[in-house]
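So the structure is just underneath, and the comments pick up after that.
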Amino acid sequence: MKTMNNQELITAIEELEKEKKIDKTYLLESLEASLVTAYKKNFDALENVKVTIDSVTGVIHIYALKEIVKVVEDSNTQISLEEAKKKSKKYKIGDTAEIEIMPKDFGRIAAQTAKQVMLQKIREAERDIIYSEYNDRKGEIVTGIVQKADGAVVVLDLGKLEGIMLPKEKIPTETYKVNDKIRAYVVSVEKGIKGAPQVMVSRSNPDFVRKLFEFEIPEIYEGLIEIKSVSRDAGSRSKVAVYSTNPDIDPVGSCVGQKGIRIQNIINELNGEKIDVIEWNEDPSIYISAALLPAQVLAVDINEEEKFAQVIVPDDQLSLAIGKSGQNARLAAKLTNWKIDIKSETQFKELLASAETEE
């Protein structure tokens, strides 16, 4: 194809491989497939064709692929054995002959196609790089500028990509305005329409609270304190269970900080959401009692097999233990992964009396 500078094509492909890390073989194969499509489109060709590009010289060859038959019924897809043998003595009936063709003006078409393919592959490579970069940040916190907030979905500008925050991932008590700078938790990175990566972010996910604790509490980041569990009603209340194997470290005190300064920074980030920090304990009765804070607990009866706990609280603590709309009890159950039934002291005594009467 003298109308196309073949060596320039190879040089351009090799530069792409070096600069954009796009495999040369992959590029050549993509270009060959695109040239087949371009040939059929521009020449209304009915025959099957194959395009090859010499990986060293860049020379392009186009072949019509034809089945070798005794009697030719369709000259676009078939060729006689006599004609095929003019190309190669080795051909026999049933083989596929490759007949090189030289369509006029195909050099110009090839040059245009090569440019389009390479631009497309550059875009794809850049998208893949960005995808990998953000996929590695899954489970981290990112900062973005609100681009769109007039509908159910909030769109954040994260720099190279957009962050998508779906309605369920928003904190219900928050409102977002364009140009607001906010932090969010990366839930997942997905390939959207046309292959463009989409970062799915959340401010309601319990792990957002977990990561905020890692940022604000050095002992957690350093591994001296472990977050055992988090339960959350986004915008209202969270419970966080913490633990340290070091007896000299007070895990709850370290998280709250002097005069509550550490925990206050997290509360401010969560727009005033209440946070109960409790100490994890391997004894489920002690752990469940702590999980029901701020309520006081008199007794906990444990059924290990069913992971069920019967909790007794003072009469004046019942509503506090259960919480508004059952929130405190529900979050405690999520935190501990135990079923919890709460009764006041009076209710429990009445149950006992009723059981004795029935006997």
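Points to keep in mind about this one:
- Some residue of region 48-69 being over 29 Å from residue 12 (Cα atoms), assigned to a loop (DSSP other than H, G, I, E, B) and without any contact (Cβ under 8 Å) to a residue 40 or more places away in the chain: no
- Elements of type helices (runs of 4 or more DSSP H) contained in region 165-278, each with 3 or more residues being modelled with pLDDT of 95 or more, under 27 Å from the mean Cα position of the chain (by Cα) and among the charged types (D, E, K, R): 206-216
- When every residue of region 19-34 is checked against the conditions, none turns out to be surrounded by fewer than 17 Cβ atoms within 10 Å (Cβ to Cβ), out of contact with any Leu (no Cβ under 6 Å at 6 or more places or on another chain), farther than 27 Å from residue 128 by Cα and of a type in the set (Val, Ile, Thr).
- Given (1) assigned by TED's automatic domain parsing to the domain that holds residue 16; (2) surrounded by fewer than 17 Cβ atoms within 10 Å (Cβ to Cβ), index of the condition residue 121 fails: (2)
- Residue selection: residue 87 fails the criterion of being exposed (fewer than 13 other Cβ atoms within 10 Å of the Cβ), of a type outside the set (Val, Ile, Thr) and not assigned by TED's automatic domain parsing to the domain that holds residue 170.
- Note on region 70-110: residues that are part of a loop (DSSP other than H, G, I, E, B), within 30 Å of residue 24 (Cα to Cα) and among the basic types (Lys, Arg) total 1.
This table checks each residue for (1) over 25 Å from residue 282 (Cα atoms); (2) of a type in the set (Asp, Glu); (3) in contact with a helix residue (DSSP H, G or I) (Cβ under 9 Å, 6 or more places away or on another chain).
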| residue | (1), (2), (3) |
| --- | --- |
| 161 | yes, no, yes |
| 167 | yes, no, no |
| 172 | yes, no, no |
| 186 | yes, no, yes |
| 196 | yes, no, yes |
| 227 | no, no, yes |
| 239 | no, no, yes |
| 244 | no, no, yes |
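- Which numbered condition residue 301 misses (of (1) loosely packed, with under 13 Cβ neighbours inside 10 Å; (2) at negative phi; (3) modelled with pLDDT of 95 or more): (3)
- Every residue from region 253-275 that is of a type outside the set (Ser, Thr, Tyr) and either in contact with a Pro (Cβ under 8 Å, 6 or more places away or on another chain) or within 13 Å of residue 217 (Cα to Cα) (or both): 253, 255, 256, 257, 258, 260, 261, 262, 263, 264, 265, 266
- Region 112-164, residues that are at pLDDT below 80 and either part of a strand (DSSP E or B) or polar (S, T, N, Q) (or both): 132, 135
- Picking from residues in region 310-344 that are of a type in the set (S, T, N, Q) and either part of a helix (DSSP H, G or I) or on the phi < 0 side of the Ramachandran plot (or both), the one that is surrounded by the fewest Cβ atoms within 10 Å (Cβ to Cβ) is 325.
- Look at region 249-266: where a residue is outside the structural domain of residue 293 (by TED's automatic domain parsing) and a partner is assigned to a helix (DSSP H, G or I) and of a type in the set (Phe, Trp, Tyr), sitting 6+ places away or on another chain with Cβ atoms under 8 Å, you get 255/213; 266/213.
- The residues of region 2-47 that are among the aliphatic types (A, V, I, L, M), assigned to a helix (DSSP H, G or I) and touching a residue at least 60 places away in the same chain (Cβ under 8 Å), listed by number, are 9, 12, 13, 16, 27, 31, 35, 38.
- Some residue of region 345-359 being over 30 Å from residue 174 (Cα atoms), crowded, with 17+ Cβ neighbours inside 10 Å and at pLDDT below 95: yes
- Condition met for residue 113 (surrounded by 13 or more Cβ atoms within 10 Å (Cβ to Cβ) and of a type in the set (S, T, N, Q)): yes
- Residue 99 vs. criteria surrounded by 13 or more Cβ atoms within 10 Å (Cβ to Cβ), modelled with pLDDT of 90 or more and in the same structural domain as residue 20 (by TED's automatic domain parsing): no
The values are calculated or read from the model by the stated rules, or taken from the named source; none is laboratory data. Keep in mind the model is a prediction, meaning the values are calculated, not measured. Note that we place each Cβ from the backbone using ideal geometry, even for glycine, and neighbour counts take in every protein chain shown.
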